[in-house]
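Have a look at the structure below before the remarks.
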Amino acid sequence: MKILMVCLGNICRSPLAEGVFRNKSNYRKLNIIVDSAGTSDFHVGATPDYRSIEVARKNNVDISNLTARKFAVSDFSNFDYIFVMDLNNYNELMKLTENDSQRRKIILLTEFLFPEQKIQVPDPYYGDEKDFETVYKLIEDSCEKIIEKLFL
Ligand code: 4NP
């Protein structure tokens, strides 16, 4: 199984989701490949925002060696599920789809935690440390629920 985490810059939220999910997956010995990407090319090649690295580190998750890349249409065939952080990401990816099989792969990260409520993982880029902690918690709870609903 292969899953992709997507946000706008691939430096704040989706690297956190990638690291958190990978940790949970490894802990449970699940055979899931996890990657992340951004809908934009703003930060391609960059390591995660230091505030994301820091909140992850505090929770024993190391994301310091990840590098940002832009989402590619080929990701639709390379991944089984594509989890997006917010509705902008959702709409941007939907624009790139060509069939229902691709459309069905795109799921809001919080969907299994808060079904049909369209809860978004807020963009913390212009926020402070507290915002990154809130985002971390929402990402962690969402990933836990995804594993419970789809992979156990
Ligand atoms: P992310 O956060 O989408 O969670 O990686 C952002 C990072 C950078 C920008 C916006 C959001 N930016 O405008 O550069």
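Side notes on the structure shown:
- Count of region 14-41 residues, restricted to those that are more than 18 Å from ASP75 (Cβ to Cβ), within 16 Å of the ligand (Cβ to nearest atom) and among the hydrophobic types (A, V, I, L, M, F, W, C), is 2.
- Single residue of ASN60, ASN88 found to be touching a residue at least 24 places away in the same chain (Cβ under 8 Å) and more than 17 Å from GLU18 (Cα to Cα): ASN88
Computed from the coordinates by the stated procedures, all read-outs in this text should not be read as laboratory data. Computed from a prediction, not measured in an experiment: that's the story for all the values here. Here the Cβ is made from the backbone with ideal geometry for all residues, glycine too, and neighbour counts use every protein chain on show.
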